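Structure first, commentary second.
Just so it is clear, none of the values below were taken in a lab; they were calculated from the coordinates. Quick caveat: nothing in here was measured; it's all calculated off a predicted structure. Methodologically, a virtual Cβ is constructed for each residue, glycine included, from the backbone with ideal geometry; neighbour enumeration extends over all protein chains shown.
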Amino acid sequence: MFHDKFPALIAGALGALILGTAAHAEDTALREAVAGPQRSEAHQARDAARNPYDSLVFWGLQPGQTVIEISPGSGYWTEILAPYAKATDGSYVAGVTDLNDPNVSEAGRRGREAFATKYADAAVFGDIKYAGFGAVSGPLGEPGSADMVLTARNLHNWYWREGMLDKALADFYAVLKPGGVLAVEEHRSDPRPQVEGARDGYMATDVVVAAAEKAGFKLAEASEINANPKDTKDHPFGVWTLPPVRQSAARGETASPDFDRAKYDAIGESDRMTLRFVKPS
């Protein structure tokens, strides 16, 4: 189990980096991207929970890299990574809805179009590239062409779709260079066991590590940067009860105005694992 291996990791070459990033040199360009005016107020408001600078430094982001972000959603990381890539002669690739999938929904098409429109200003975000990603998508790029693949709070969505997690991790492994990084942020069920199918949105660290290792990755480092000890992980609507989703009724039902949100808002965003995997050289 992961927890059995963890002390050995700390005692090894990883020790000084597990709990912090003090050993890393200051990245001025990254600081500027995190603090830049291109970031929305809604995204900046989440920085205390998501720790963007420290997380990206922990994952090993460097100037000039090719970074692929999977399912960027509203663009929390896009607003940082795309300007950073522009400033450092790197490349930001968004792994978005696969338009070649015959089963792609109209909502999926609209979402991809809206994302591209939102981040179309090359003067701010540079030349964002796109790769289709989904259940039947092809490669994310040329084999061995990316320095980093970032997936933030997506693994649970793939876990309950048969074969999807394995497919996704195989895609990431193929596109990364030897020595390339798979950066993972995910809702963490530990210390309690993961529920069947991770249907509440929380995954066990051992399950994530085992899936990544099955694809060929090696766990290099684990961090508590995005831990939240206040998260009791027993919420009526799973992780989505917490901010930022703040769900107050079962899916498909009207939001309940009588739902007592106070204790869930006081918890804040979920407790999350932050893992750095490496494709062996």
Provide the percentage of antiparallel DSSP beta bridges, counting only those with both residues in the chain; round to the nearest 5. 35 percent
Roughly speaking, what is the centre-to-centre gap between the stretch 202-277 and the stretch 73-96 when only Cα atoms are used, to the nearest Å? 24 Å
Using a Debye calculation, one point per C-alpha and no hydration shell, please list log10 I(q)/I(0) for the stretch 26-165 at q = 0.15 Å⁻¹ in order. -0.76
How high is the relative contact order of the stretch 212-281, given as a whole-number percent (alpha carbon pairs under 8 Å, six or more residues apart)? 52 percent
Using only alpha carbon pairs under 8 Å that are at least six residues apart, calculate the relative contact order of the stretch 161-226 and give it in whole percent. 32 percent
Past 19 Å, Cα to Cα: identify those pairs from Lys129/Lys167; Lys86/Lys118; Lys167/Lys279; Lys177/Lys279, in the order given. Lys129/Lys167
Would you work out the relative contact order for the chain, in percent, from Cα pairs under 8 angstrom that are 6 or more residues apart? 19 percent
Across Gly75, Gly132, Gly108, the residue with the highest GNM fluctuation in the chain (Cα network, 10 Å cutoff) is Gly108
Interchain or long-range residues, amide H under 5 Å from Thr66's placed H: Ser91, Asp147, Met148
Nonlocal amide H pairs with Arg272, under 5 Å, H built at 1.01 Å: Arg188, Ala227, Asn228
Can you give me the distance in nm between label points at Ala250 and Ala87, each placed 7 Å from the Cα along the Cα-to-Cβ direction? 4.8 nm
Scaled by the rule-of-thumb 2.2 N^0.38 Å, the alpha carbon Rg for the chain gives a ratio of 0.98
Mean 1/r over all different Cα pairs, inverted: what Kirkwood radius does the stretch 86-219 give, in Å? 16.2 Å
Treating only the Cα positions of the stretch 166-239 as identical point scatterers, give the base-10 log of I(q)/I(0) from the Debye formula at each q in 0.20, 0.23, 0.25, 0.27 Å⁻¹. -0.93, -1.12, -1.22, -1.33
Quote to one decimal, in nm, the extra length available between Arg109 and Ala266 on full extension: 0.36 nm per residue of separation minus the C-alpha distance between them. 52.9 nm
